[in-house]
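> Please read through the structure below; I'll follow up with questions.
The values are calculated or read from the model by the stated rules, or taken from the named source; none is laboratory data. Here the structure is a predicted model, which means the values were calculated and not measured. Cβ sites come from the backbone with ideal geometry, for glycine too, and all protein chains shown count toward neighbours. Note: areas computed on protein heavy atoms with side chains; ligands, DNA, RNA excluded. Shrake-Rupley method; radii C 1.70, N 1.55, O 1.52, S 1.80 Å.
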Amino acid sequence: MTPPVRAWFEDSRALVVGLARSGVAASKLLLAHGGQVRGVDRRRAEELESAVRELRDLGVELRFGSTDPRELEGRNLVVVSPGVPLDLPLFTEAERRGIPIVAEVELGFAVAKAPVVAVTGTNGKSTTVELLGAIGRAADRKTEVLGNIGTALSEKAESVPESGLLVVEISSFQLESCNRFHPRVGVLLNVTPDHLDRHGSMERYAGLKARLFQFQNESEFRVQPLGDARIELLLRPMKSKPLWFGFADPTGDGVWLDGATLRYRFAGKTGALLKREEAPLPGPHNTENMAAAAAAALAVGIPERAIAKALREFRGLPHRLAAVAEIDGVRYVNDSKATNVDALRRALESFTEPVTLIAGGRDKDGDFVSIRPLVMERVRHAIYVGEAAGKIEASWPDVAHERAATLEEAVQVARARTEPGGVVLLSPGCASYDMFRNFEERGARFEAAVLELKRSLEKAARR
């Protein structure tokens, strides 16, 4: 039996910055490989109660309430969690001392036995990685879906055999600190404005997304959209082999929609995967997600039959164009995960019916004016909530609209404004933090309001 490869971080004296899920997983992996670990977090110990107990029991030295550069004493490696900004004085001092700063995903990748498929992009990452997970399972391969979506790569990397598959959702925050990561297959779905408060410019943000492919070699693959000039220019210098996805034959290898059929070309073979209508995921953006996932699956040797089976059976994720209810001929749809303008655009493109749109929240410097023609075409009435309401009103001055103080009020207004055959769509185009803890809570509140409306109407009808 081949002995395990010695990880590059073996016996490190590491400082782990940020002690949420990825920080805990990184600490445990470092300890398992002979490391000495000190963990720091700007939050108080009481806010991280379960993590504190677990790490203390393992012998991790813990500090809370600050990220003082003095914590670097005696350390030869810094591991940073995705939510921690890299402009802290601690990181500046680490760079001055020549101490490497790495993302948690780098540790997991170093000990992974199975091939890694990593997915990034502004929108569609979670749907695509879960779809890849379903494809892997349809092919009877032990498959873990990891990374930014939930479980850290470091937690599961060593438990999946070579015959399995590790599917990783990776964000720009993680890629910012990657210097070795080179997945067997990297997928870049799209790049549109987002997180500019952290990254400063679209050029910087797009460059970080392209970093997914920077360390790949000639035997590895990159999956990229057809017809995106910005991405094509960014990825042209990369060494990996391109696979394309989109709505036209790329002439090279890839997966594309040809009329009503999803077709593929790979390793000298061309064929049809399935009819688009056989897949339940709605909208053109999900056509792209399916094509990208299928291309990545082909690159890791998954048979076409397993890919088609998963595409037919996969029904999507919560809070992503999720059907909530139909009330008096009106469909209510929860797309709370649409936290930026491009995601809102993709949602609107998924409907031919008249839309009553509920939008707003905390603005992420979104360009709402850019989708004004689409809004004029698809939206019959808009209801604005949250901090961005005024900005959106000014961006779409010709759209009939009103404001609501709460989501519950917005649902009641939407019912009054929507005719049978229409759609009430929650697709905020904004972050949720002005009114909710996260997009999940926002979506759950919307669904609860819709279901309560349905129950009250049914109860009234029985009287």
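> Has segment 314-332 got at least one residue that is buried (at least 24 other Cβ atoms within 10 Å of the Cβ) and over 17 Å from the mean Cα position of the chain (by Cα)?
yes
> How many of the residues making up segment 436-451 are free of Cβ contacts under 8 Å to residues at least 40 places away in the same chain, among the charged types (D, E, K, R) and either assigned to a helix (DSSP H, G or I) or in contact with a Leu (Cβ under 8 Å, 6 or more places away or on another chain) (or both)?
2
For every residue, the table says whether it meets (1) without any contact (Cβ under 8 Å) to a residue 60 or more places away in the chain; (2) open to solvent by 50 Å² or more (accessible area, probe 1.4 Å); (3) out of contact with any helix residue (DSSP H, G or I) (no Cβ under 8 Å at 6 or more places or on another chain); (4) not in a helix (DSSP H, G or I).
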position	(1), (2), (3), (4)
29	no, no, no, no
34	yes, no, yes, yes
39	yes, no, no, yes
56	yes, yes, yes, no
74	no, no, yes, yes
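> Another question, if that's okay. Looking only at segment 370-404, count how many residues are closer than 23 Å to residue 439 by Cα and of a type in the set (A, V, I, L, M, F, W, C).
10
> Only residues in segment 377-398 that are farther than 16 Å from residue 358 by Cβ count as the first member; pair them with residues that are open to solvent by 10 Å² or more (accessible area, probe 1.4 Å), Cβ under 7 angstrom, at least 6 apart or cross-chain, and list the lot.
Pairs found: 398/376.
> A follow-up question, please. Going residue by residue through segment 274-291, is there one that turns out to be under 14 Å from residue 225 (Cβ atoms) and among the aliphatic types (A, V, I, L, M)?
Taking every residue of segment 274-291 in turn, at least one turns out to be under 14 Å from residue 225 (Cβ atoms) and among the aliphatic types (A, V, I, L, M).
> Are there any pairs with C-beta distances below 8 angstrom linking a residue in segment 240-253 that is open to solvent by 50 Å² or more (accessible area, probe 1.4 Å) to a residue that is assigned to a strand (DSSP E or B) and acidic (Asp, Glu), with the two at least 6 apart or on different chains, and if so which?
Pairs found: 249/258.
> Let me ask another. When only residues in segment 162-209 that are in a helix (DSSP H, G or I) and polar (S, T, N, Q) count, which is modelled with the lowest pLDDT?
Let us first name the residues in segment 162-209 that are in a helix (DSSP H, G or I), namely 172-175, 196-199, 202-209.
Right, trim to polar (S, T, N, Q) and you get 172, 174.
Numbers: 172: 87, 174: 92.
Per the stated criteria, the residue is 172.
> Oh, and also: Among the residues of segment 254-281, how many are surrounded by 18 or more Cβ atoms within 10 Å (Cβ to Cβ) and part of a loop (DSSP other than H, G, I, E, B)? Explain how you work it out, then say what you get.
At the first step, the residues of segment 254-281 found to be surrounded by 18 or more Cβ atoms within 10 Å (Cβ to Cβ) are 254-257, 262-266, 273-274, 276, 279, 281.
Within this subset, residues satisfying the condition of being part of a loop (DSSP other than H, G, I, E, B) are 279, 281.
Within segment 254-281, residues that are surrounded by 18 or more Cβ atoms within 10 Å (Cβ to Cβ) and part of a loop (DSSP other than H, G, I, E, B) number 2.
> For residues in segment 211-221 being at pLDDT 95 or above and out of contact with any Lys or Arg (no Cβ under 7 Å at 6 or more places or on another chain), which is surrounded by the most Cβ atoms within 10 Å (Cβ to Cβ)? First the steps, then the outcome.
To start, the set of residues in segment 211-221 that are at pLDDT 95 or above comprises 212-221.
Okay, now just the ones that are also out of contact with any Lys or Arg (no Cβ under 7 Å at 6 or more places or on another chain), so 212, 214, 219.
Numbers: 212: 27, 214: 18, 219: 9.
Checking each candidate, the answer is 212.
> Just name the residue that is surrounded by the most Cβ atoms within 10 Å (Cβ to Cβ) out of those in segment 222-231 that are under 21 Å from residue 181 (Cα atoms) and either of a type in the set (D, E, K, R) or touching a Lys or Arg at 6+ places or on another chain (Cβ under 9 Å) (or both). Give the steps one after another, and end with the answer.
We begin by selecting, within segment 222-231, every residue under 21 Å from residue 181 (Cα atoms); these are 222-224, 231.
Still in the list and also either of a type in the set (D, E, K, R) or touching a Lys or Arg at 6+ places or on another chain (Cβ under 9 Å) (or both): 222, 231.
Numbers: 222: 25, 231: 21.
Only one residue tops the list, namely 222.
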